[in-house]
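S.K.: This structure is in structure tokens; I'll ask about it shortly.
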Amino acid sequence: MPESRGADRIDTTVVHPARRYNYWLGGKDNFAVDRESGDQIAAVYPGVRTLARENRAFLGRAVRFLAREAGVRQFLDIGTGIPSADNTHEVAQSVAPESRVVYVDNDPMVLVHARALLTSDPAGATAYLDADLRDPEKILADPQLHTTLDLSRPVALVLVAVTHFLTDDDRPHERVAQLLDALPSGSWLALTHFTTDHIPAEIVQRMEAEFTAGRMKQDAVSRDRAEFARFFTGLQLADPGIVPVTEWRPQAPPAQRPPLADASIYGAVARKP
């Protein structure tokens, strides 16, 4: 069975961002190495757990906007992560049960959980691809993608907290552009990305010192607002444009939102003309 092959590939000795993110969100689908890494980062940057929660909340608001206001019925969610509450298909199908979603991730633990838990509304569909954002050609050529989605009709490309795991050598802007090029006019991009723009300089310096000393693994790349904006070149930004995720169509009043330093991650949603 595919689930067994995925489980056989799970390495419990190497930290994985999807499992660490699950830990920060309060989930149980992680290992000691993921919790240790998560605690190390939180000791230097205590806001990271808030960042994870606010990023997840942005996903829900963005998908709800895309399904309700933009009328999108197809979603390609890359870097899915371990299923939690309010997954993309659950939010989209709560608005439009006929919504169809393809999830993509490269972690075998995510594969096991996704196949077990990501159950579609009968009116719609979900599928899961074991693939990597670094290989858009593989994603776009997968038969399951074309069985589930009609790429002649608008698709929302969802890249939430994934591009910051690509180094400059991975050419993240090029990868995203390749995916968007394969989607028709009227498609959308929803993307979030970690930044140190709003983190106090002394915390950033401590993080860099821990990375340099090898006491903390650096697997996420911070990019500033200009670098983030490059992902949206040629697209039409939905209001309020490029902002920290807590400021993107927030439901909580300003006094109830966390400080930007505790949720230093940009978010935006934009339409392909």
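S.K.: Somewhere in the range 49-65, is a residue open to solvent by 10 Å² or more (accessible area, probe 1.4 Å) and farther than 26 Å from Arg257 by Cα?
M.R.: The answer is no; no qualifying residue exists.
S.K.: In the range 153-199, which residue that is aliphatic (A, V, I, L, M) and assigned to a loop (DSSP other than H, G, I, E, B) is nearest to Arg56 (Cα to Cα)?
M.R.: Ranking the candidates gives Ala161 first.
S.K.: Among the residues of the range 208-226, which ones are touching a Ser or Thr at 6+ places or on another chain (Cβ under 8 Å) and in a helix (DSSP H, G or I)?
M.R.: Arg225 - this is the single residue of the range 208-226 that is touching a Ser or Thr at 6+ places or on another chain (Cβ under 8 Å) and in a helix (DSSP H, G or I).
S.K.: Report whether or not Arg249 is in contact with a His (Cβ under 7 Å, 6 or more places away or on another chain), open to solvent by 40 Å² or more (accessible area, probe 1.4 Å), of a type in the set (Lys, Arg) and under 20 Å from Leu157 (Cα atoms).
M.R.: Considered against the rule, which asks whether it is in contact with a His (Cβ under 7 Å, 6 or more places away or on another chain), open to solvent by 40 Å² or more (accessible area, probe 1.4 Å), of a type in the set (Lys, Arg) and under 20 Å from Leu157 (Cα atoms), Arg249 comes out as no.
S.K.: Just one of the numbered conditions (1) part of a loop (DSSP other than H, G, I, E, B); (2) open to solvent by less than 50 Å² (accessible area, probe 1.4 Å); (3) of a type in the set (Gly, Ala, Ser) is not true of Ala85; which one?
M.R.: Tallying (1) part of a loop (DSSP other than H, G, I, E, B); (2) open to solvent by less than 50 Å² (accessible area, probe 1.4 Å); (3) of a type in the set (Gly, Ala, Ser), Ala85 fails exactly one: (2).
S.K.: Being open to solvent by less than 10 Å² (accessible area, probe 1.4 Å) and over 17 Å from Ala70 (Cα atoms) is the filter here; which residues of the range 150-198 pass it?
M.R.: Leu159, Thr163, Leu166, Pro172, Val176, Leu179, Thr192, His193, Thr195 - these are the residues of the range 150-198 that are open to solvent by less than 10 Å² (accessible area, probe 1.4 Å) and over 17 Å from Ala70 (Cα atoms).
S.K.: Could you identify the single residue in Arg115, Arg134 that is under 19 Å from the mean Cα position of the chain (by Cα), open to solvent by 50 Å² or more (accessible area, probe 1.4 Å) and modelled with pLDDT of 95 or more?
M.R.: Numbers: Arg115 fails: modelled with pLDDT of 95 or more.
Residue meeting the stated conditions: Arg134.
S.K.: Here is a list of conditions, (1) hydrophobic (A, V, I, L, M, F, W, C); (2) within 20 Å of the chain's Cα centre (by Cα); (3) more than 21 Å from Arg56 (Cβ to Cβ), and Ala255 meets all of them except one; can you say which number that is?
M.R.: Here Ala255 clears every test but (2).
S.K.: Residues to consider are Ala229, Ala268; find the one that is modelled with pLDDT of 95 or more and in a strand (DSSP E or B).
M.R.: Going through Ala229, Ala268 in turn, the sole match is Ala268.
Yes/no matrix, rows are residues, columns are (1) under 25 Å from Lys28 (Cα atoms); (2) not in a strand (DSSP E or B):
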residue	(1), (2)
Thr80	yes, yes
Ser94	no, yes
Val101	yes, no
Ala123	no, yes
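The values are calculated or read from the model by the stated rules, or taken from the named source; none is laboratory data. Bear in mind the structure is a predicted one, so any value in this text is a computation, not a measurement. In this analysis, Cβ positions are derived from the backbone assuming ideal geometry, glycine residues included, and neighbour counts consider all displayed protein chains. Accessible surface areas use protein heavy atoms only, side chains included; no ligands, DNA or RNA. Shrake-Rupley method; radii C 1.70, N 1.55, O 1.52, S 1.80 Å.
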